[in-house]
Structures are given as C-alpha cells and as structure tokens.
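Data first, discussion second: the structure below is written as structure tokens.
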Amino acid sequence: MFPENASSSPLLHNLNPEQRAAVTLPAEHALILAGAGSGKTRVLTTRIAWLLQTGQVTPGGILAVTFTNKAAKEMLTRLSAMLPLNVRGMWMGTFHGLCNRMLRAHHRSVNLPATFQILDTQDQLSAIKRLCKQFNVDEERFPPKQLQYFISGCKEEGQRPGDVPARDEDTRKKVELYQLYEDQCQREGVVDFGELMLRSYELLRDQDAIREHYRRRFRHVLVDEFQDTNRLQYAWLKMIVGLPGEGGGAIMAVGDDDQSIYAFRGARVGNMADFVREYQVRHQIKLEQNYRSYGHILDSANALIGHNTARLGKNLRTTQGAGEPVRVFEAASDFEEAQWLVDEVRQLVRNDGFARHEIAVLYRSNAQSRVIETALVNAGIPYRVYGGLRFFERAEIKHALAYLRLIENPRDDTSFLRVVNFPPRGIGARTIEQLQDLARESGCALVDAVSAVPGKAGANLGAFIAKIDVLREQTQGRTLREIIELVLEHSGLIEHYRADREGADRIENLEELVNAGESFVMQEGFGRDAVALPLDEQAPAALGQSPASQGLDLDAPVLDAPLAPDQETGETLSPLAAFLTHAALEAGDNQAQAGQDAVQLMTVHASKGLEFDAVFITGLEEGLFPHENSASDRDGLEEERRLMYVAITRARKRLYLSHAQTRMLHGQTRYNLRSRFFDELPEGALKWITPKRSASASTGAAPWGSSGAMPWEAAPRRNPTPQPAWGRSSLSAPDFGAGPVPERKSEPEHGLRVGMAVFHNKFGEGKVLAIEGAGADARAQVQFTRHGTKWLALSVAKLTPV
DNA sequence: GCACCCGCAGTTTTT
DNA sequence: CTGCGGGTGC
C-alpha cells in the first residue's frame, strides 16, 4: 500500500498502532477521532512528514489548517524538527491566515485593494457604531453589539444581505444595515474576520479557474480541531477539495466531538457527521490511548462524558497506573475555597516537588479569578492569568497602528476617527460630525472631505492630514523599525502619555511595538510570517492576468515553482502593510508576564489543548458550572459537560475538584448547590478531603459536607465525605487564617434547588432557575410555564416542590 | 472639549 | 462589587 522503505521509516517509531495507521493512511478522506492527550498533534505532523518523505506529495501540495496561530506554530515547529523542510510552498496556518493569503494573491479578482486591511472585533464594532450614527439608527432598538453579532452570524452561514430571509421588520432593518456596512467596508478597503472567510469562499465558488487550480494543487488537506469548524469553514474546505470524484485532494479531519466547547460561537460538531456522510469516509480511526493522565483521572473523564448522548463514542485508556485519587474539597465560601487552594499549592510546591508553572487553576468564568488572585497575592505566590487584553488590542497600540494604517491607506475611516483627535488637537465632535456629513454627501472618505470644512475647524483638520501626509513621505524607503519610530515621535502619542500619571506602562508598550516590528521583519526577511503568510508568492504565478490567463495551464509550473513575484498584483506587499496584517491576524500573546515560574490561572475554555501536572477545577457549583444559562436545555448542558471533560483531562498526575457553598457574585452572596457533575463521577476514583469544621462539630449539628444529605436536599445524595483525611497534617487543621468562616445561622429551609419543578398558588407550575440569599432574604428565580420568569422572596411566596 | 458621575449589566473566545 | 459607556455640566 505504501512504499516499503517508508514502513520502517524512523518517523513511525514510537507510534502506537492506531497512530501509525492514521499516519500511513492512503490518500483518501479520513476522520481521526483523537481523544484528549492521545498524541493528536503528533499524528498530524508525522502524517505530513510521512507524506513528504515517501514522496507522495511536495510541500506545495499540502494545506494544513488550524484555528489558532499557536497551534499552527506548534505544528510547524514540530514538523521542521522531523524533516529539513521548505516551508515556503506549504500552506499551513489558521483559516483566516490562509484566507488572507488567498485574497492577497487574488485581490483583483475579489475586488479588493492590494493593501486591504483587516478589522478586528473592536474595529468592526466601531465601524458599525459609526454607521448607526450616520443613518440615525435607534441604538436602543438595534444595539450595535447585536448588529455585529447578526452580521458575523450571517457571514458564518455564508449569507450576503440578499440571502438572509427577512421575515419581520426588525430583520429587514438589520439586513439593510448589513448591506450598508458592507458598502462602507468596501469603500474603505477593509475586511472583517468573517469577510476574510466568506470572500475567500466566494472566490473559490465563483471563479472556476482559480478553484480548479487550488483543487489540483492541494492533494492533502489536513484539518485540526475539526469539531470547532463552523458552517462556512466546512463549506470552504469543500470548495478546496470538491466532492468525491471531482478530482480534489484528500481531507484528513482530526477532531474530538467530546471536546467541542465552542457551539456558542458557531462551531458545528455536526460537521463531523456531515463529513463522514458527504465524503463517504471509509477510514475512521480512534486514538484512545492517552499518554497524559493517570487512571483515576481518566476514569473520571470517561464516566462523566458517558452521561452525554449522541457521541461518536470513545473511551480513553492509559497504561500508566491508577495514580492518586481525585481530591474533592467542599468549602464554606469562595473565600475559603481560595484559602484552601493556596495552602494546597504551597504543599504541592514545597512537599511534593511540583513546579508552580505545572499547576493550573481553572474556573468557568473570569469573574471567579478575583478571589483566587487575592489569596495568591496575600500568600506571595506568583501566578499568571491567561486571557486579558492582548498586545495588539491595547488602546495605545491600536492608536499607533491607526496612524500606521492611515499612512498605508488614508481612506480607512475607522483609523481616521480613532486618532483624528488623539492626542487631543482641538477637533471636537461637532467638527467631526460636520466632516462626516460632508463625506457622506459626496460619498467620499473622510480624508477627502477635509478640505470642504471651513474655518478654524477645517484648519485643524487640515493640520492633521498634513501631519499624516508628512509622515507618509518621511517613511518612504524606511525600514519598518524607522517607520514605527517616526510615527511614535510625530503622532504625539509618547508625549501625550508622558504627561499622564499612569502613562508609563503605555509608553513601555509603545516602545515594545518597535520591537514587535523589528522581530516581525527578522522572522521572514520582511514580514513573511511563516505561519499566516500575508502574501503568496507562489500559487498565483500561473494565474496571472496575462493575455492567455483564461487558457493557462494551471498545472504546469505550480507545484514546485520557483518563487516568483505575484503576477496578478505585479507588486509585493510593503513591510508596513504586511505588519499591519500580522497585527490584525495575530493579536499577540494572551498571557501576562511570561517567564517566571508561576501558577497558571485560566478559564476552562482557555485550558483546552494544554496540560499540567496538577489541576484545580474550582467553583463546581450549580449555576456556575454547569452555568445557569446553559443548564436549561440538553445541548447546553452537554456542552457544559464537555467543558468539564476538557477540564479533567488537562491533569497529568493530580486533580482537585472544589466547590463553595456560598459565593459572592454581583456583589451578593449566593448559595449554590454543588455541581451535578460530582454525581457523574465514579466514586472509586474520588477522595473527599474536606475536613470537619469545629464550629459545626461542637454544636453537634450535621457538619456541612459531612455524611448524609444536606437538610434542604430533596433527594438523598451520595455521602460527600466518607472519610475526612485526618491523617494528613495539612488537611486536619486547616488554617483558614485571615478571616472568620462566614456564619451560617440560617441554613436554607425552603427545600428548593435549581432545576426543581415547583408549584405556586397563583402562577402555577414552574422551574427554579436560581436561588439567592439565605433565611429571610432567600429568593428564588422561577420560570413559570404561563407567567414568565420571576424572582420570589421565599419568606413570602409559597413554593411547593412538584 | 473634557472631566466627572451615574447607571446598568454582568458565560465561555479566536481570528 | 466592578467596569464601562453614555450623558451632563463646566
């Protein structure tokens, strides 16, 4: 089936049978179900290396697509470690990076300027706000955020304004605004993220020659995290390879339906089943051998995910031993949970030899990090929070980029408005409104309407565009570094921030921008980002606008053509334009101060794809995890469960689960029941380490978290604390130090829990959505079948469980 | 044109 | 309880 020399290739050493089977599959469509920690990236990269090594394909025949730049980089790094590699001809990157590359190469065919710039989510929103103002849209009725969601949603479904079914008046209005937004972007020469995908898709759909070119070229299309693809991305892939029998390449889709956690942003797990059906996939390989976690951890993951229906079906297994049990802790409050966590982290580092950066603290929502951060700060434990503002999203950086973009394209109104009066130069809202009116009347860009503004206001505006013009001239023929330095100097940004008491950080970031430009240039001659290549120098070589372009032999020089200038554009992207593209497509590191050995804090979502020696999953409470907004329907709950599955499978050696009985949320104390997920884990793999509390013990009352059902629980639950871990000194006398354990004078007596069906004398039947407060203050949010959702004070309203 | 104050909302996120 | 955005007042 494959060349003999290849079957013994060193590439295949140390692969398990399933991995090896996946790597050496024939050139046909295949689905690889890759469980967590099963060596997915390894299979993907080895597959590519193997295809190349056995001469089945040249680098130019490979298209490998991922979701994040990080994943793309990782793949490239590992691949180059396996093979000496000419990465230039290979298309490896994110969906958006590759679409960008394609659109740059064919910018004329898709009616875009060669230097089109990319709007990130923030830019898109401000563009929409601007549009709404201009057309006097009632922003109460049509919040810009919602319009943005609507437009992005349409694009992800592959719908242009004309394709959107507009049943009601509201939708018609939104579609109209969608159209106006499109016109505006087109006029300004900018595209948003959705547009990158959609326009690239349409290019392939509508331009036969171009589509056939790519179809013949890409013999092997490899897709990472396939379960996260949205409708448009799958359609795009289908365009690139065609349906079976249409002469296109083979798709190897790698994914894990159990790790599908992005439905909320359009991901369609269903693409996996569709793919199998539409491509008559014969080769489905399950990678179930897990190389990451010990047995108890995997048992927990398997048992939990087993509660989901409609799975493709997988069970992780390990050859490592059972390992330690999963430790479960019940805290009286979020505060106590954090204290406990700090103590435990100390133990891990001091006694058990865990590196701090090998310890992760996971939570469902960002708001939960605060208490934990406070406790860590007080304890002097270094930590890092993932997922704040990224480098290129910071305001000062966006300001600097706006100047740079205006140099490149003065018609970029979004950038124009961002900095026309920043730093302040006496151009006020009135003037800008006037300018916008003038521009709209004559249908031109803001910059072109400046000369029509009279008086002092006009002079100020004139000075602004003169400044930009001067910068543009000065930067001619300069290196990227010099360009950025010039902009920082002449824009007045640095000066402005120097006057600001809290501007020091911002100045530092601006100076960092110079470095970012420098290293961008270093990386690839000038801005040829190896991952998300902004400019394709190869493929379109055969697709030029030469007289014979329609009849060109698209096959001949393409696959390994020598690097040639883009014949369609006849020009190369300037370093500046390339850098701006890079800034939009790769927003930069998502983590705070890297480098030092710090505990890692992040949401469960952010943890996907990572692994740690020790993992804490905190806030395992009904309403939080599973989140209240998701727990009401089955799909939502199943996604929450997959999220929990992702969280569990991050851990290598040790896993902690914790929940708190009370938690401050939105400035109020909430009483949360422990997560139902606890009931879905195998008892034998767990160990409750919650210590007995002296307060409750001395009164003789059943201690929280001790044996027996909670007093307010309708159905008896499994014993949450079979054997408190008295033996361990660290646990027997918990030092909850800094504050008193919150008093619990009034334990809930209402007997209600979230999800419970209840009856009210006036409102009839309903379902409890949330419970808040305690004793006389206790309130419940109930969704009534006939009377909507209401908050009821439990001391007043009579609710009876049904 | 800017500063301050009030009011309101408040999962998850990459490109 | 926070942070952000809009609106008002100087």
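For this structure, a couple of remarks:
- The set of residues from segment A:665-693 being open to solvent by 10 Å² or more (accessible area, probe 1.4 Å) and either in contact with a strand residue (DSSP E or B) (Cβ under 6 Å, 6 or more places away or on another chain) or within 16 Å of DNA strand C (Cβ to nearest atom) (or both) comprises A:LEU665, A:HIS666, A:GLY667, A:GLN668, A:THR669, A:ARG670, A:TYR671, A:ASN672, A:ARG674, A:LEU686, A:LYS687, A:TRP688.
- Output for segment A:234-249, where each listed residue is open to solvent by less than 10 Å² (accessible area, probe 1.4 Å) and not aromatic (Phe, Trp, Tyr): A:LEU237, A:ILE240, A:VAL241, A:GLY242, A:GLY249
- None of A:THR414, A:THR431 is in contact (Cβ under 8 Å) with a residue 12 or more places away in the chain, within 16 Å of DNA strand C (Cβ to nearest atom) and in contact with a strand residue (DSSP E or B) (Cβ under 9 Å, 6 or more places away or on another chain) except A:THR414.
- Count - residues of segment A:636-664 that are within 14 Å of DNA strand B (Cβ to nearest atom), assigned to a strand (DSSP E or B) and buried (at least 20 other Cβ atoms within 10 Å of the Cβ): 1
- Meets criteria (within 27 Å of the chain's Cα centre (by Cα) and more than 30 Å from A:TYR294 (Cα to Cα)) for A:ARG108: no
- Scanning segment A:349-386 for residues that are charged (D, E, K, R), open to solvent by 40 Å² or more (accessible area, probe 1.4 Å) and away from DNA strand C (no atom under 16 Å from the Cβ) yields a total of 4.
- Looking only at residues in segment A:417-428 that are within 16 Å of DNA strand C (Cβ to nearest atom) and under 29 Å from the mean Cα position of the chain (by Cα), the one that is farthest from A:GLY492 (Cα to Cα) is A:LEU417.
- Among the residues making up segment A:116-141, those that are closer than 27 Å to A:ALA71 by Cα and more than 12 Å from DNA strand C (Cβ to nearest atom) are A:PHE116, A:GLN117, A:ILE118, A:LEU119, A:ASP120, A:ASP123, A:GLN124.
- Residue under evaluation A:ARG265, criteria (1) open to solvent by less than 20 Å² (accessible area, probe 1.4 Å); (2) of a type outside the set (Asp, Glu); (3) in the same structural domain as A:GLY61 (by the TED database), criterion not met: (1)
- The helices (runs of 4 or more DSSP H) found wholly in segment A:1-94 and carrying at least 1 residues that are touching a residue at least 12 places away in the same chain (Cβ under 8 Å), over 26 Å from A:THR318 (Cα atoms) and outside the structural domain of A:ARG215 (by the TED database) occupy A:4-7.
- Single match in A:ALA127, A:ALA81, A:ALA114 (criterion: small (Gly, Ala, Ser) and open to solvent by 70 Å² or more (accessible area, probe 1.4 Å)): A:ALA81
- Boolean, A:PHE392 is more than 21 Å from A:LEU610 (Cα to Cα) and of a type in the set (A, V, I, L, M, F, W, C): yes
- Identity of the residue in segment A:596-635, open to solvent by 20 Å² or more (accessible area, probe 1.4 Å) and acidic (Asp, Glu), that ends up nearest to DNA strand B (Cβ to nearest atom): A:GLU628
- Top-ranked residue of segment A:155-179 - restricted to ones that are in contact with a Leu (Cβ under 9 Å, 6 or more places away or on another chain) and farther than 22 Å from A:ASN136 by Cβ, ranked as least open to solvent (accessible area, probe 1.4 Å): A:LYS155
Conditions tested, residue by residue: (1) under 30 Å from A:SER126 (Cβ atoms); (2) outside any helix (DSSP H, G or I).
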| residue | (1), (2) |
| --- | --- |
| A:PHE329 | no, yes |
| A:LEU341 | no, no |
| A:VAL349 | no, no |
| A:THR374 | no, no |
| A:ILE407 | yes, no |
| A:ARG411 | yes, yes |
| A:ARG418 | yes, no |
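- On the stretch given as segment A:142-178, residues that are more than 13 Å from DNA strand C (Cβ to nearest atom) and more than 22 Å from the chain's Cα centre (by Cα) total 20.
- The residues in segment A:635-673 that are under 23 Å from the mean Cα position of the chain (by Cα) and closer than 25 Å to A:ASP299 by Cβ can be counted, and the count is 15.
The values are calculated or read from the model by the stated rules, or taken from the named source; none is laboratory data. What you see is a predicted model; the values in this text were computed from it and never measured. Ideal geometry is used to build each Cβ from the backbone, glycine not excepted, and the neighbour counts take in all protein chains shown. Ligands, DNA and RNA are stripped out before the accessible areas are found, and what is left, the full protein with its side chains, is counted by its heavy atoms. Shrake-Rupley method; radii C 1.70, N 1.55, O 1.52, S 1.80 Å.
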